[in-house]
Amino acid sequence: MDHPSPSAVERFLDALALAWQRRHEPNSALRKLTLWGRRLLIAVNLAHFIFLLLVFVLTAAIGERHYLTAFFLFIPPQAWLLPLAVLTPLTWIFCRRWLLLHCGLVLWVAFGWLGFQWNSRPVAQGPVLRVMTNNYGQNNRQSFTAFLQEHQPEVVVLQEAIGQMGRLLRAYTNYQGRAFGEFVLLSRHPIINAGPLPVYDAHGWPVGAWFELSVQSRTVVVYNVHLPSPRRELYRLRGLGMLAALVGETMDDGRSSRFQEDISKAWQDRAELASRLLAHLEKEKRPFIVAGDFNMPSRGWLHRQFQNRFADAFIEAGRGYGLTFPGASSNPLTGFGPWLRLDYIFCSSSFRPIKCETERGRRSQHRAVFAELEWSGGA
């Protein structure tokens, strides 16, 4: 009686069982496959690490001066760890020692990429000026009153607050106020003079206003700044926009080339505008503070230009991450919270930051920043 021939599935299972039995033999197929799989996985892990290193270095070195690195600056750093969702289980199976690299990447993103700070809190030896800043326009009807009452700032710097002066003065009766367009300043100290900054965006609007205060018989100039949002440029680079820009950079095909030139010019204009603002601020000889919504990530090239010239209160005296945008997020990678630091308090050498905190929990688009600045006696 003839036996039925085994099916294809049975033959496959028999071959698999035989390969498993011979897995320890030097020339077994399974051993070779495992070896090549391990090598491939190690190569992929190394490629992922090198790619992240390049992104980290280039976004800091080039930043907003090129559309590609500018776009990468605004991506949540946690997103760069997404490949680990696939790589980690496979690495556990084939090459467990390389899990140390995964742990290192997680720590790098959590504490290095996101800009974790842990500064000491020195006791003030002299007079201190307490300052708070917030982009008021996109507050989702969420009030910063609790944060203000907790820290009792002497100076409150607000952006996108057109037409809000009357309401603000009624709500905060122990302040006086001045406004220029969207820029509002509330102060417990006398406001001597004020005016718009002579630095204008592409639409002819000033990017800030200045306010001269008399603080304990000293003159202090507070610059209230709001640099334009890059939202339009970022939206244009989403999806096929990035591909079109890259094609336009390598091929002269008309439409893609014009798109690439347009998007490159938009980012170059942003860098040039920030440079003009810096040039104006560097001419100021009086003690001054620069606060507001700069729309520049803290790891970018633009932020470094400001930090090289003025003290960033959070880097000097902050603790934690200091993230301010977006306060209300639907992104699970960021814990539904902010992943960028776009709002800053800078100061001249006349001050020394001794404390800086960012508002926690409020689901407004921007979270407020508070700083205590000690008079240092510098120029």
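The values are calculated or read from the model by the stated rules, or taken from the named source; none is laboratory data. Everything quoted here is computed from the prediction, not taken from an experiment. Here the Cβ is made from the backbone with ideal geometry for all residues, glycine too, and neighbour counts use every protein chain on show.
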Condition broken by ALA161, with the remaining ones in (1) over 26 Å from LEU333 (Cα atoms); (2) at pLDDT 95 or above; (3) under 30 Å from the mean Cα position of the chain (by Cα) satisfied: (2)
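Take the conditions under 16 Å from the mean Cα position of the chain (by Cα) and surrounded by fewer than 19 Cβ atoms within 10 Å (Cβ to Cβ) and apply them to ALA79. Does it pass? Don't jump to the end; show me each part of the working.
Values: under 16 Å from the mean Cα position of the chain (by Cα): yes; surrounded by fewer than 19 Cβ atoms within 10 Å (Cβ to Cβ): yes.
The answer is yes for ALA79.
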Exclusive hit being farther than 30 Å from LEU333 by Cβ, hydroxyl-bearing (Ser, Thr, Tyr) and buried (at least 16 other Cβ atoms within 10 Å of the Cβ), set TYR175, TYR136: TYR175
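Of the residues in region 204-226, how many are assigned to a loop (DSSP other than H, G, I, E, B) and of a type in the set (A, V, I, L, M)?
Within region 204-226, the first condition is being assigned to a loop (DSSP other than H, G, I, E, B), and the residues that meet it are 204-205, 207, 216-217.
With of a type in the set (A, V, I, L, M) added as a condition, the list becomes 207.
The number of residues fulfilling the criteria is 1.
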Failed item, numbered, when ARG362 is tested on (1) over 24 Å from TRP80 (Cβ atoms); (2) at pLDDT 95 or above: (2)
Answer residue from region 166-203, given it is part of a strand (DSSP E or B), among the β-branched types (Val, Ile, Thr) and over 31 Å from the mean Cα position of the chain (by Cα) and is nearest to HIS226 (Cα to Cα) among those: ILE191
Filter result for GLY335 (without any contact (Cβ under 8 Å) to a residue 12 or more places away in the chain and either out of contact with any Pro (no Cβ under 8 Å at 6 or more places or on another chain) or crowded, with 24+ Cβ neighbours inside 10 Å (or both)): yes
Region 260-275 - residue that is buried (at least 17 other Cβ atoms within 10 Å of the Cβ) and not small (Gly, Ala, Ser) and, of those, modelled with the highest pLDDT: LEU273
Enumeration of residues in region 93-126 that are of a type outside the set (A, V, I, L, M, F, W, C) and within 18 Å of the chain's Cα centre (by Cα): GLY112, GLY115, GLN117
